[in-house]
Amino acid sequence: MLVIGGCFAALLVCLLTLQFLKLQRASQHLPPGPVPLPILGTLWRLGFRWQQGTLSKLSKVYGKIFTIWVGHIPMVVLNGFPAVKHALINHAEETSWRVVTPFIKDTMKGKGLLFASGPVWKQQRRFAISALRMLGLGRKSLEHRVQEEASHLVALLSHEKGKPLDPSLPLFHSIANVISAVVFGHRFSIQDQTFRKLMECIEYEAHFFLSPFHLLYELFPGLMRYVPGPNLQAFSCLEFIHSFGRKEINKHKENKPSDGPQDFIDYYLAEINKQEDDSESTFDEDNLVHIIYDLFAAGTDTTATTLRWVLLFMVAYPDVQEKVQKEIDAAVARSQIIFYEDRKKMPYTNAVIHEVLRFNYVLLVGNFRLCSRDTSLLGYPIKKGTIIIPDIASALYDPEEWETPHQFNPNHFLDKDGNFFTREAFIPFSAGQRLCIGENLAKTELFLFITNLLQAFRFQLPETVKDVDTRPVIGGFAVQPHPYTICALPRQILP
């Protein structure tokens with residue numbers, strides 16, 4: 001037995017040594033970075049706990065472009081705004097592909113918007129942008145849907161009469177209902193249990209994608225496909241979301257509107273019929289089901305999380321809350337509806353919202369990309385198929401672009417005269433060909449929800465809570481506030 005054990009140990013050492021040498025040879029053709037080890041890659045250098053500043057710390061050692069390894073897979077990191085801009089803008093075509101990991105392949109099957117690449121993605125994205133514009137994106141018609149949800153949220157909080165509450169569910173429900181109105185043509189009650197389960201599944205998927213269990217699935221897909229746990233729950237949630245979407249599609253097919261398309265599903269079904277004789281068309285119900293998920297996934301969790309951050313910061317900085325409320329009161333009479341156009345009369349409020357988006361960026365780094373063809377980034381040759389990490393967070397905290405990058409400071413978006421302005425390095429919605437198609441909707445939602453809430457309420461901590469914890473909770477690749485409760489006290493404003 002000792003001899004067998006010794007032989008096995010010697011074989012293992014030989015295999016690890018060969019793997020180590022192989023990694024060293026491969027790393028010679030990539031940008032510099034920490035030394036990759038067998039099995040671990042460079043996770044040892046990342047401390048096994050990725051935080052928002054981790055890659056920026058490595059950048060100080062290895063430069064604005066460097067390589068990290070997850071197991072035997074190299075990933076090229078671009079850190080700081082100039083480097084991120086170079087990749088996403090100057091090399092937009094080469095960095096537009098999504099990474100097709102085992103989990104993505106098993107669940108998304110190359111369909112939809114978020115995880116598709118190439119001709120399928122281009123055709124679907126082009127149509128989605130066109131359909132959203134026809135549905136009123138950037139115009140009063142869609143803004144009205146946001147205003148309607150904002151008023152429902154104000155009424156819901158008013159019903160609590162200033163009692164402590166966790167705003168997470170009401171915020172998530174309100175944002176999900178905006179997407180529901182766009183996609184399905186109607187909203188759901190917060191008491192609707194099926195819609196609640198849909199929201200729970202969407203939130204679960206978002207957290208799973210950003211969790212260590214997702215990483216385990218990507219490293220050991222053959223095993224994780226069958227091991228009970230969060231991975232199987234993710235499959236179950238995705239199936240529920242798809243089933244929900246298919247039921248809505250069937251309802252639309254049975255009740256075709258006589259006066260033309262009324263929502264996204266209507267437009268998509270019309271496009272399927274229009275292109276049914278085109279053999280190269282990518283329009284089918286499977287793609288529609290995946291796009292429904294994509295629109296909810298991209299348009300709900302991140303916006304709702306940002307709103308949670310805004311309310312938390314209003315409590316943490318009561319002077320900021322008071323200044324925003326005074327600006328709202330001066331710009332809009334209490335009896336009038338607030339419009340997105342009113343942001344031009346509220347530079348400080350607009351600056352606060354943009355600063356929350358910058359300072360509390362809800363992802364650790366942003367979305368990974370796949371190099372679509374051989375190219376060169378910052379002087380380094382990058383082969384087709386290489387995973388690229390444009391570190392969006394590093395652009396939002398770049399000390400060369402922001403005066404106080406690690407402080408909450410609305411003045412980042414105000415000139416010396418107090419006028420609002422934005423900066424090129426403000427890219428929380430990414431940049432280039434993968435720029436979020438819902439950016440304008442998200443900005444409209446944030447402005448209208450926040451101004452309606454702060455017009456109606458003064459937010460403060462419950463009497464039993466003394467301290468505000470604004471430190472982020474890091475869960476996988478997500479950045480969220482700690483769970484909290486606040487009181488929404490009705491404001492008494494003179495007419």
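The values are calculated or read from the model by the stated rules, or taken from the named source; none is laboratory data. Just so it is clear, the model here is predicted, and its values are computed rather than measured. We place every Cβ from the backbone using ideal geometry, glycine too, and count neighbours over all the protein chains shown. Note: areas computed on protein heavy atoms with side chains; ligands, DNA, RNA excluded. Shrake-Rupley method; radii C 1.70, N 1.55, O 1.52, S 1.80 Å.
Checking the condition open to solvent by less than 20 Å² (accessible area, probe 1.4 Å), under 29 Å from R133 (Cα atoms) and among the charged types (D, E, K, R), which residue from E424, E445, E439 passes?
Values: E424 fails: open to solvent by less than 20 Å² (accessible area, probe 1.4 Å); E439 fails: open to solvent by less than 20 Å² (accessible area, probe 1.4 Å).
Of E424, E445, E439, the one residue that is open to solvent by less than 20 Å² (accessible area, probe 1.4 Å), under 29 Å from R133 (Cα atoms) and among the charged types (D, E, K, R) is E445.
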| task | Evaluate the following for L238: is it over 20 Å from the mean Cα position of the chain (by Cα), over 27 Å from L142 (Cβ atoms), assigned to a helix (DSSP H, G or I) and not polar (S, T, N, Q)? | result | no
| Sole residue being of a type in the set (F, W, Y), touching a residue at least 40 places away in the same chain (Cβ under 8 Å) and farther than 30 Å from L78 by Cα, chosen from Y397, Y484 | Y484
| request: For the range 38-63, name all the residues that are free of Cβ contacts under 8 Å to residues at least 60 places away in the same chain and hydrophobic (A, V, I, L, M, F, W, C). | output: I39, L40, L43, W44, L46, F48, L58, V61
| For K344, are the conditions met, namely being of a type outside the set (G, A, S) and farther than 23 Å from E149 by Cα? | no
| query | Would you say D266 is of a type in the set (D, E, K, R), over 30 Å from D166 (Cα atoms), open to solvent by less than 30 Å² (accessible area, probe 1.4 Å) and out of contact with any Cys (no Cβ under 6 Å at 6 or more places or on another chain)? | reply | yes
| remark: Among (1) assigned to a loop (DSSP other than H, G, I, E, B); (2) within 30 Å of Q51 (Cβ to Cβ), E463 falls short only on (2)
| task | For the range 408-421, enumerate the residues that are out of contact with any strand residue (DSSP E or B) (no Cβ under 7 Å at 6 or more places or on another chain) and open to solvent by 40 Å² or more (accessible area, probe 1.4 Å). | result | N411, D415, K416, D417, N419, F421
| within 20 Å of the chain's Cα centre (by Cα), open to solvent by 60 Å² or more (accessible area, probe 1.4 Å), touching a residue at least 60 places away in the same chain (Cβ under 8 Å) and over 29 Å from P38 (Cα atoms): does that describe K85? | yes
| field | In the range 165-195, residue most open to solvent (accessible area, probe 1.4 Å) [restricted to those that are within 27 Å of M134 (Cβ to Cβ) and small (G, A, S)] | value | G185
| message | Just checking, does the range 267-288 include any residue being of a type in the set (D, E, K, R), assigned to a helix (DSSP H, G or I) and touching a strand residue (DSSP E or B) at 6+ places or on another chain (Cβ under 9 Å)? | response | no
| message | Under 6 Å between Cβ atoms, which residue pairs at least 6 apart in sequence (or on different chains) link something in the range 64-80 that is closer than 10 Å to P36 by Cβ with a partner that is open to solvent by 10 Å² or more (accessible area, probe 1.4 Å) and not aliphatic (A, V, I, L, M)? | response | T67/G33; T67/P74; I68/G33
| Looking at the range 216-235, which of the residues that are crowded, with 18+ Cβ neighbours inside 10 Å and of a type in the set (A, V, I, L, M) is nearest to the chain's Cα centre (by Cα)? | A234
| Condition check for R133: open to solvent by 60 Å² or more (accessible area, probe 1.4 Å) and either closer than 24 Å to S189 by Cα or at pLDDT below 95 (or both) | yes
| query | So, in the range 472-495, of the ones that are surrounded by 19 or more Cβ atoms within 10 Å (Cβ to Cβ) and β-branched (V, I, T), which residue ends up modelled with the lowest pLDDT? | reply | V479
| Does the range 123-130 contain at least one residue that is aromatic (F, W, Y), surrounded by fewer than 21 Cβ atoms within 10 Å (Cβ to Cβ) and touching a residue at least 60 places away in the same chain (Cβ under 8 Å)? | yes
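Here is a yes/no grid of residues against (1) in contact with a strand residue (DSSP E or B) (Cβ under 7 Å, 6 or more places away or on another chain); (2) open to solvent by 80 Å² or more (accessible area, probe 1.4 Å); (3) modelled with pLDDT of 70 or more:
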site: I4; (1), (2), (3): no, yes, no
site: F8; (1), (2), (3): no, yes, no
site: L11; (1), (2), (3): no, yes, no
site: C14; (1), (2), (3): no, no, yes
site: L18; (1), (2), (3): no, yes, yes
site: R25; (1), (2), (3): no, yes, yes
site: P32; (1), (2), (3): yes, no, yes
site: L40; (1), (2), (3): no, no, yes
site: R45; (1), (2), (3): no, yes, yes
| note | Picking from L288, L269, L232, the residue that is over 29 Å from L363 (Cβ atoms), free of Cβ contacts under 8 Å to residues at least 60 places away in the same chain and hydrophobic (A, V, I, L, M, F, W, C) would be L269
| note | All conditions in (1) hydrophobic (A, V, I, L, M, F, W, C); (2) over 17 Å from the mean Cα position of the chain (by Cα); (3) modelled with pLDDT under 90; (4) surrounded by 20 or more Cβ atoms within 10 Å (Cβ to Cβ) are true of L198 except (3)
| message | Given the options S236, S168, S180, name the one that is within 24 Å of H482 (Cβ to Cβ), of a type in the set (G, A, S) and modelled with pLDDT of 90 or more. | response | S168
| field | Residues satisfying the stated conditions in the range 200-229, i.e. hydroxyl-bearing (S, T, Y) and in contact (Cβ under 8 Å) with a residue 24 or more places away in the chain | value | Y204, S211, Y217
